[in-house]
1. Any idea what diffusion coefficient the stretch 310-349 gets from Stokes-Einstein, in µm²/s, Kirkwood Rh on alpha carbon pairs, 20 °C, 1.002 mPa s?
2. Modelled label-to-label distance, A285 and D253, 7 Å Cα→beta-carbon offset: nm?
3. Give, as ranges by residue number, the residues of the stretch 240-280 whose backbone N falls under 20 Å from the point 7 Å along Cα→Cβ of R168.
4. Based on DSSP H runs of at least 4 residues, each adding -39500 (n - 2.57), what is the mean residue ellipticity at 222 nm of the chain after dividing by all its residues, to the nearest 500 deg cm²/dmol?
5. Could the peptides 221-227, 55-61 be put in order, highest first, of the mean number of other beta-carbon atoms found within 10 Å of their residues?
6. DSSP loop (so not H, G, I, E, B), at most 12 other Cβ within 10 Å: list which GluC sites (Glu not before Pro) in the stretch 128-174 pass both filters.
7. Please list the three semi-axes, largest first and in whole Å, of the ellipsoid equivalent to the chain, using sqrt of 5 times the eigenvalues of its alpha carbon gyration tensor.
8. Name the helices (complete DSSP H segments) of the chain with a Cα length along the long axis of 15 Å or more and a Kyte-Doolittle mean of at least 0.0, or state none.
Amino acid sequence: MSSTGVSVGVVGGGIGGLSAALSLLHAGFDVHVFEQASQLGEVGAGVQVSPNASRILHRLGLAEELARTGVKPLAWHQRRWDDGRTLLRSPLAEPLEATFGFPHYQIHRADLLSALARAVPAERVHLGHRLTGLLDHGDRVEARFAGGARAEVDVLVGADGIHSRVRRELFGPENPHFTGCIAYRGLVPADRLADLELEVTAQVWLGPGRHFVHYLVRDRQLVNFVAILEQDTWTRESWTDQGDIADALAAYDGWHPQVRTILGAVDETFIWALHDRTPMQRWSAGRVTLLGDACHAMLPMMAQGAAQAIEDGATLAACLADAGCNIPEALHHYERLRSPRTARLQGMSAANKTRFHLPDGPLQRERDAQMATATTDWSFESVAWIYEHDAATVNPVYR
Ligand code: FAD
């Protein structure tokens, strides 16, 4: 597949790293992925794949796979925490596809990751490779891995997540910021919840100090939920851990029976401390750059973290393909194209923490009145700038 003669090392085999590898392979680069884990894997949870990301994944040949396991929801349905009243219902499915050209999917992360992994030739994915250091020699980059393995590439991409080692090597240590939110996540067999007669929508329940999201994944066989609540501190050593269902239920005491029934039906739940990053001034230095959570980790309140990582890969491939041999300039251009967009989404996601979690009172009533106009949140008017963006057809300036 390599036709450019340029080699690219991608550190990290998550959704961001694998989709970037695929975009780069399609653009003719000699790509190798280095993943620290001994096998590729994702957390047991769902992910929303909006049209700005599905546009890229379809082009990369994944349309059939996404359609097979993904679920196309009818709408985003935002509801009030106690009585379930509709605050805003924004259409998805056909109207969305007609407007933005590509579908919105709800998909199990493992299904998305395996679809990506099947598309990247196995010999290009090097498992058990934990990056420990790098050296930019000016005309090539040397990546060093635990155990002594080394690789030399023309370009190195850090797609190694929120605790990115590549980022640390480029810009020094800086801990991610605890957002004051934790998340319980879980998957419930849909037939266990048959009595709820759940509609095929992404439901987002808003309440004081917390919200709750649920939607179907894996060909409607599983109900995925994310329960996000505010908490002042995170004292556990790990940033993810087994959660206690009784604690989760206690946190949603008094909430609508549908929310409590879903929470109560799960066999096990995991708990995450949600961290984000402030937007970075630079993502690249020399022949090394970053993508995904490594450079723009955000709260999940816009459901755009993975989508933006997928976009990053497409833009990066387009910039490198157009760059001739000026790789540092291409990487600089890539970050100039990407960072205003991801910074805006980081800001919107953080703002939604406050907005979604307003206590009942005047500000909440004002928010609900705005939502009733059907022009906020995931209305077409609000998301057009996100969903219509084609990250692969940027027009870099190197001709
Ligand atoms: P990661 O998924 O963290 O992958 C990094 C990879 O790098 C891992 O495989 C790791 O093992 C590897 N790695 C790390 N260090 C090294 C090293 N030193 N050497 C080699 N390999 C290394 N986004 C959406 O678009 N839609 C959603 O609906 C959505 N919902 C979310 C809900 C929740 C509760 C949360 C917490 C996030 C959500 N997101 C969503 C955000 C999304 O999950 C992330 O933005 C996305 O998964 C980041 O992908 P990534 O590939 O950049 O990083």
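Each reported figure results from applying straightforward, stated rules to the coordinates on display, with no laboratory input. All figures in this text were calculated on a predicted structure; none of them were measured in a lab. Cβ sites come from the backbone with ideal geometry, for glycine too, and all protein chains shown count toward neighbours.
1. Numbers: Rh = 10.5 Å.
In µm²/s, the coefficient rounds to 203.
2. So the two model labels end up 5.0 nm from each other.
3. 240-241, 273-280
4. When only DSSP H runs of four or more count, the value is -10000 deg cm²/dmol.
5. 221-227, 55-61
6. Sites meeting the loop and neighbour criteria: E174.
7. 36, 22, 20
8. 15-26, 109-119, 305-321
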